[in-house]
Each structure stands twice: as C-alpha cells, then as structure tokens.
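Rule-based calculations on the coordinates, nothing more; no lab input. Predicted model, so just to flag it, every value in this text is computed and none were measured. Methodologically, a virtual Cβ is constructed for each residue, glycine included, from the backbone with ideal geometry; neighbour enumeration extends over all protein chains shown.
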Amino acid sequence: MAQFDLYENQNTQTNEMYPFLLDIQSDILGDLNTRLTVPLAVSPKQYKSLPFTPMIEVNGKNYMVMFHLMASYPINEYGSVIGNLEKDRSILLGAYDFMIQGY
C-alpha cells in the first residue's frame, strides 16, 4: 500500500455513491493496520469544486475527492489497487491542508 493509491470501494452499501477510495496516509506509517482514506464521489454535472472537495479525473471521468469524509479504514478491507494519484499530489495535499488549517 502506498500513499495516493486508489482502490475500488468493495462496500456494496456505499460503492455506488463512492466508487473509489484514496489512501492518503504517509508511507512512513506502513506498519499500521489501518490507512487514512478519502472517498471519491461521482460528480454531478453542475458541481462547483470547493477547496476541500477537488475534482480529480479517473479513467476519463471526474470525481470529487471528499476530504470532509476522510476516515481510518482497515487494510484488510481494501481491494486491489487500480491506480495511483501521485500526479495530483499538490491538489490533494492542498485540499487536506484546507481541511486542517482553513487555508
């Protein structure tokens, strides 16, 4: 597991609204049995991005990264890695910083 790895949401109760889970935890904490995770939501057509819900493209479709819904997630509940969003690092960390610091 690596920071910014993207996973399909395996939870049948939530995966329609939140099809992907993003691991944002630092790799230095790799020995923990949980990872800090942010769900990606299907984006409505008229959505205006907010500082804490940036828009990210995955497989040609736009998704909102829902930082206000981040939570610890057990590593044994993750599925297979489907990609990595390292290329969006500055956008993702900017949204995280906004949630924590307000700017």
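Structure summary
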| item | result |
| --- | --- |
| Filtered chymotrypsin sites (Phe, Trp or Tyr not before Pro), the range 35-101: DSSP coil and at most 15 other beta carbons within 10 Å | 47 |
| Spin-label model distance (nm) - residue 43 vs residue 72, 7 Å beyond Cα toward Cβ | 3.2 |
| Sum of -39500 (n - 2.57) over DSSP H runs of 4+, divided by residues of the chain (222 nm, nearest 500) | -4000 deg cm²/dmol |
| The chain, dipole about Cα centre (Lys/Arg Cβ +1, Asp/Glu Cβ -1), debye to the nearest 20 | 400 |
| Span per principal axis, largest first, for the Cα atoms of the range 31-98 (Å) | 38, 26, 20 |
| Amide N of the range 63-87 lying under 17 Å from the label point, which is placed 7 angstrom from the Cα of residue 34 along Cα→Cβ | 68-78 |
| Most mobile listed residue (40, 29, 92) in the chain, GNM with C-alpha springs under 10 Å | 29 |
